[in-house]
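Here's the structure, in structure tokens; my notes come after.
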Amino acid sequence: MKKALLFLLSFICIQVHSQQELPQDYFENPLNVPIVLAGTFGELRSNHFHSGLDIKTQQREGLEVNAAAEGYISRINIQHYGYGKALYIQHPNGYTTVYGHLQKLSPKLKDYLRKQQYAKESYEIELFPEPGELKVEKGELIAYSGNTGGSGGPHLHFEIRDGSQRPMNAQLFGLDVADSKPPIIQGIFAYPIGEDAHVNNSQNRQKLKLIPQNDGTFAVPEVEACGEIGFGITTVDQQDGAYNQNGVFKIESILNGEEVFEIKFEKFSFAETRHLNQLIDYEYYMSNRSRIQRLYKTPSNPLSIYGNMQNEGLLNIKDSLDYQYTIRVTDLKGNEKLIRIPIKGQISDKIVKREKLETEYLASSDNGLSAKGGKMDVYIPGGSLYNDTYLDINFSDDVVTVHRDEIPLHKNFTIGFDVSDLSEEDKAKTFIARVSDNGRLNYSTTYKKGNRFTTGTRTFGNYRLAQDTNAPSVRPVNFYDGQWISGNETLKVKISDDLSGIQDFRATVNGKFILMEYEYKNNTLTHYFSDDVVTETENDLKIIVNDNVGNTTTYTAKFFRK
Ligand SMILES: [Zn+2]
């Protein structure tokens, strides 16, 4: 009895610990508008969990972004992709806040950044200011919201990270997000796992029927099963003020009144985020573009988002026994949805067998696989695959097919081509391309060493050599050659490349470097005259743009200002 009580007490402690020890008033909303979410923490994304809150900015750019608490700017990261323009604040309590996809920094920070960008002659830059250099007060203007980098529309990406730079759910820090809507249940699935297991007389994934009940819960018609089985769910959550389909906070399973599984999005580490591909049914996602979260843990899955678990969330269904399995999905305000699934243990002798592929290529998850055919070879290192897997690999005259993209890879595998029959001139313009289903050629970063070209990739599919002989195009947007543009605040050009893609660019005026910001989503380079580096009346502009195989375009124009 005493032992049981102790256990109970420690359990309560952990609960209290994880919820209430986090500071509740320390951080404030970084925007001057109420928080409406376009994305939640832990939301399932491509190959990763979303690491912050996506806060809506009224469909526009330029809202003031303020420091969520006092501290100092510890990192400024400016990238073409990813977080775009991003600021990091280190706070005295050990946490870090992150602000991404910014349009521009506050005047003070912008000056600091510009100096470094001009010194390095690069738009992309990563800076780590010293603690005393750029102090900020709570609520101080640090930037304006935008849509830079890998962002699908104007919003602020906001993160709170712990002392080990692990992203945490910012909603656990007392930031108020109005939410009166319960999670939405889209689908429930059952998976026969054991060798002889079945669900409704099949060994394949079964989609179950959801029947809405008057009390807001769902019922599922009785499932007949035997052996080791698991479940999966497609579910999203919505908060007030928007219809974005966001991620849910918590999913639990209860078997006969006892909790057997729990996923909770409180924090995770960037090192584990790609294991999302083990949480979801990846094959189903690739064919249906919908993510089923498994309510059981796969054997090699190290994710830390799991809470209470029995038998890794798997159920052992015995013949002639009845079970009540309940799934509960909960948001941070305690709104919940319940799905009740009665299970009847039933041996069956008319089972539809598991769909199984067997090929000559069995890739082990520990040791990987090597294969060769004609002038091409494939090397999959150990640790790339989550499971031992039979792969379809086919070498034709000029295309190597490495299975299909329905299987996720954790690490790169390598594809190599012998190019000894190409002339030096052809070699220079040749690269390795992934051929997408519609036949489009996509540049895959190609390493060239003598007669051997290789590429590392985490996407299965078709690969071949391709040639790009066309140089990038550069065309002016808001001026023309020889024009007076004294009234312009910016100088804009569009750059693009038809095949291998833009590698880099460099712009000068009268031989002096000028900073141009690159926005890949509209292929635009922008120079701001407020940088004060264009000071003469007559100006010779020169922009050099290279593609990924070294085709170069040099664009020149004259413009006048006073
Ligand atoms: Zn985001």
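As an exercise, use a Förster radius of 30 Å and the Cβ-Cβ distance of Lys542 and Ser436 to find the FRET efficiency, rounded to the nearest 0.05. Walk me through the intermediate numbers first.
Values: r = 36 Å, r/R0 = 1.19.
It comes out at approximately 0.25.
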| query | Rounded, prolate or oblate: which fits the stretch 163-255 when a ≥ b ≥ c are the square roots of the eigenvalues of the alpha-carbon gyration tensor, with rounded for a/c under 1.5 and prolate only if a/b beats b/c? | reply | oblate
| task | Sort out for me the Cα centre separation of the stretch 40-101 from the stretch 491-562, rounded to whole Å. | result | 29 Å
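Going highest first, how would you order 341-347, 253-259, 144-150 by mean Cβ packing within 10 Å? Present the calculation step by step, with values, prior to reporting the outcome.
Working: 341-347: 17.4, 253-259: 15.0, 144-150: 22.0.
Descending packing order for the listed peptides: 144-150, 341-347, 253-259.
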| Given 0.36 nm per residue, what is the gain on full extension from Ile211 to Glu272 after removing their alpha carbon distance, in nm? | 18.4 nm
| message | Please list 3J(HN,Hα) in residue order for the stretch 54-70, calculated via the Karplus relation 6.51 cos²θ - 1.76 cosθ + 1.60 where θ = phi - 60°; whole Hz, with x for glycine and proline. | response | 9, 9, 5, 10, 6, 6, 9, 9, x, 6, 5, 10, 10, 4, 5, 6, 5
| query | When the solvent-accessible surface of protein heavy atoms is calculated with a 1.4 angstrom probe, in what order do Leu127, Leu525 fall, highest first? | reply | Leu127, Leu525
| query | Under the definition of Cα pairs under 8 Å and six or more residues apart, what whole-number percent is the relative contact order of the stretch 321-367? | reply | 33 percent
| Roughly how many nanometres apart are two label points built 7 Å out from the Cα toward the Cβ at Thr556 and His48? | 4.2 nm
| If you find the alpha carbon centre of the stretch 423-469 and of the stretch 299-358, how far apart are they in angstrom? | 44 Å
| field | Qualifying trypsin sites (Lys or Arg not before Pro) in the stretch 58-91, DSSP loop, other Cβ atoms within 10 Å at most 13 | value | Arg60
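So if I place +1 on the C-beta of Lys and Arg and -1 on the C-beta of Asp and Glu, and nothing else carries charge, what would the dipole magnitude of the stretch 406-484 be about its Cα centre? I want it in debye, nearest 20. Write down the numbers at each step before the final one.
Details: 11 positive and 9 negative charges, 66 e Å.
With Lys and Arg at +1 and Asp and Glu at -1, about 320 debye.
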| request: Run the numbers on the stretch 190-260 and let me know its relative contact order in percent, using alpha-carbon pairs under 8 Å that are six or more apart. | output: 27 percent
| request: Compute the Cα gyration tensor for the chain, then decide on rounded, prolate or oblate, letting a ≥ b ≥ c be the square roots of its eigenvalues: rounded whenever a/c is under 1.5, prolate when a/b is larger than b/c in the other cases, and oblate in all that remain. | output: oblate
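Can you tell me how much longer the chain between Ala178 and Gln245 gets when fully stretched, taken as 0.36 nm per residue apart minus their C-alpha distance, in nm with one decimal? Walk me through the numbers before you get to the answer.
On the way: separation 67, 0.36 × 67 = 24.12 nm, distance 1.52 nm.
Net length gain for the segment: 22.6 nm.
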| Once both axes come from the Cα atoms, what is the angle between helix 2-20 and the longest principal axis of the chain, in degrees from 0 to 90, rounded to 10? | 30 degrees
| task | With a ≥ b ≥ c taken as the square roots of the eigenvalues of the C-alpha gyration tensor of the stretch 245-390, please select rounded if a/c is under 1.5 and otherwise prolate if a/b is larger than b/c or oblate if it is not? | result | oblate
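Counting helices only, and only those DSSP H runs with n ≥ 4, report the 222 nm mean residue ellipticity of the chain as the sum of -39,500 (n - 2.57) divided by its residues, in deg cm²/dmol to the nearest 500. Walk me through the numbers on the way to the answer.
Values: 5 runs with 50 residues, N = 562.
Roughly -2500 deg cm²/dmol at 222 nm, from the helical runs in the chain.
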| query | What ranking of Asp319, Asp497 comes out by heavy-atom accessible area, probe 1.4 Å, highest first? | reply | Asp319, Asp497
| Heavy-atom accessible area order for Asp540, Asp196, largest first, 1.4 Å probe | Asp196, Asp540
| note | The rounded separation in angstrom of the Cα centers of the stretch 260-291 and the stretch 122-136 is 34 Å
| the stretch 235-302, relative contact order [Cα under 8 Å, separation at least 6], % | 20 percent
| query | Looking at the stretch 243-290, which trypsin sites (Lys or Arg not before Pro) are DSSP coil and have at most 14 other C-beta atoms within 10 Å of their C-beta? | reply | Arg289
| task | With label points built 7 Å along Cα→Cβ from the Cα atoms of Asp392 and Glu140, find their separation and express it in nm. | result | 5.9 nm
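Run the numbers for Glu283 and Glu489: contour at 0.36 nm per residue of separation, minus the present Cα-Cα distance, in nm. Working shown, then result.
Details: separation 206, 0.36 × 206 = 74.16 nm, distance 4.98 nm.
Difference between extended and current length: 69.2 nm.
Based on the Cβ-Cβ distance from Tyr480 to Gln116, what FRET efficiency comes out when R0 is 22 Å, to the nearest 0.05? Mind dumping the intermediate values first?
Values: r = 33 Å, r/R0 = 1.48.
The pair Tyr480/Gln116 has a calculated efficiency of 0.10.
Of the GluC sites (Glu not before Pro) in the stretch 327-411, which ones lie in a loop per DSSP and count no more than 10 other C-beta atoms within 10 Å?
Details: sites: Glu336, Glu355, Glu358, Glu360, Glu406; in loops: Glu355, Glu358, Glu360, Glu406.
Those satisfying the criteria are Glu355, Glu358, Glu360.
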| field | Simple spin-label estimate for Phe128 and Lys512 in nanometres, 7 Å along Cα-Cβ | value | 3.3 nm
| task | Report the calculated FRET efficiency for Ser290 and Ser423 (r = Cβ-Cβ distance, R0 = 60 Å), to the nearest 0.05. | result | 0.80
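The values are calculated or read from the model by the stated rules, or taken from the named source; none is laboratory data. Quantities reported herein were computed from a predicted structural model and do not represent experimental measurements. Glycine gets a Cβ as well: all are built from the backbone with ideal geometry, and neighbour counts include every protein chain shown. Surface areas here come from the heavy atoms of the whole protein model, side chains and all, with no ligands, DNA or RNA. Shrake-Rupley method; radii C 1.70, N 1.55, O 1.52, S 1.80 Å.
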